[in-house]
1. Those residues that are part of a helix (DSSP H, G or I) and in contact with a Ser or Thr (Cβ under 7 Å, 6 or more places away or on another chain), I need them from the range 272-308; list them, please.
2. Which residue is nearest to Leu76 (Cα to Cα), if the candidates are limited to the range 161-180 and must be under 15 Å from the mean Cα position of the chain (by Cα) and more than 12 Å from the ligand (Cβ to nearest atom)?
3. For Arg116, indicate whether it is open to solvent by less than 40 Å² (accessible area, probe 1.4 Å) and basic (Lys, Arg).
4. Based on this model, can you work out whether Val115 counts as of a type in the set (Val, Ile, Thr), free of Cβ contacts under 8 Å to residues at least 60 places away in the same chain and under 25 Å from Ser292 (Cβ atoms)?
5. When the residues of the range 4-39 are narrowed to those that are part of a loop (DSSP other than H, G, I, E, B) and touching a strand residue (DSSP E or B) at 6+ places or on another chain (Cβ under 8 Å), which ends up modelled with the lowest pLDDT?
6. Name, by its number, the condition in (1) without any contact (Cβ under 8 Å) to a residue 12 or more places away in the chain; (2) open to solvent by less than 20 Å² (accessible area, probe 1.4 Å) that does not hold for Ile237.
7. When you check Thr158 against the structure, is it farther than 26 Å from Gly304 by Cα and of a type in the set (S, T, N, Q), yes or no?
8. Could you list, in sequence order, the residues of the range 139-160 that are open to solvent by less than 30 Å² (accessible area, probe 1.4 Å) and within 11 Å of the ligand (Cβ to nearest atom)?
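The values are calculated or read from the model by the stated rules, or taken from the named source; none is laboratory data. Keep in mind it's a predicted model, so treat the numbers as computed, not measured. Cβ: placed from backbone, ideal geometry, glycine included. Neighbour counts: every protein chain shown. Only protein heavy atoms, including side chains, enter the accessible area calculation; ligands, DNA and RNA are left aside. Shrake-Rupley method; radii C 1.70, N 1.55, O 1.52, S 1.80 Å.
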Amino acid sequence: MNGYRIGIDLGGTAIKSAIFDANMQPVLERCDPTEAAMGPQHVLHKITRIVQQMLAELSISESSVACMGMGIPGLLDPESGLSFFSPNFPEWENIHVVNEMKQAFAFPIFIDNDVRVNLYGEWLFGAGLDSKNILMVTLGTGLGSGIVVDGAMLYGKTASAGEIGHMNMYREGRPCRCGSSGCLGRYVSAIGMVRTFTERLEHGAESVILAWTGNDHSRITAQMISEAYDTGDALAIEVMHETGVLLGFGLSNAINLLNPELVIIGGGMSAAGDRLLTSVRETVKSHSLQVSSQACRIVPAALGGEAGMVGAAAYGSRRLHSSGPSPFR
Ligand SMILES: [Zn+2]
């Protein structure tokens, strides 16, 4: 198939944009701040400008572009191109992303959930190559997941399948924006782990991080907890372990339900690596069905921040020739 493909990975803090050639080789990439607080129209106009500038920089005409794929956080309808709700964006409700973008561009444009787009990237070009049953979990500000079963991306009736972040772990736990409480993502995410850490500090626990932040709890980050872990800080080790165990229990439930051969852990917080994954693997081994856990590897994502862009572009390409929202059946 001829033509360039454009992949956009829209995140709460950064818009990652890339143009690929017909062989899916990257030609140009850039990263810009999202400026989410300025509202949805500002963000969409900004993406339009970025794409126009990239095409101009490469002297590529619009008619040479086969398609554009976009990954967008939150709940959306991939068929109509309507984004219902996005947790990272204020006032982002019922935004018709595809129609808005079509006002500027003549080539076909497709949207999907950001985690699924990341999973397309890892599945087609990264850690998930040659696998037919994959669960991907992205640990960032929140916890997202995407699921491939028997070689097909799972969408469900309202394209909201895979919301493992809202799996209930405690009957009455921390309140969640979904309306429930005790959801996995409220504990296993950058924000969740930091919250667990600060709760312990408020109960009198000690940590080297108190000196690093001048006792200002609002400055604590997930990365600091990793760094404190490496210095042997007892509280950091305890909180990292508990977070990993809780993720392990959530994954055990998912593994029993889905029987994946591969669990890919991505997102910024996956930089914690084995500090987190050791507890995850131990918990999965002891709490999921043996036949399932023995067949399942838990690995870090391979493409890092590139997965969303390449996955979005590949998703757009496949959508060109498929009728439904799941182009990989
Ligand atoms: Zn929830």
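1. Within the range 272-308, Ala272, Arg275, Leu276, Thr283, Val284, Lys285, His287 qualify.
2. The extreme case among them is Ala161.
3. yes
4. Here the answer is yes, as Val115 does meet what is asked.
5. Checked the range 4-39; the qualifying residue modelled with the lowest pLDDT is Thr13.
6. Unmet for Ile237, out of (1) without any contact (Cβ under 8 Å) to a residue 12 or more places away in the chain; (2) open to solvent by less than 20 Å² (accessible area, probe 1.4 Å): (2).
7. yes
8. The one that is open to solvent by less than 30 Å² (accessible area, probe 1.4 Å) and within 11 Å of the ligand (Cβ to nearest atom): Leu143.
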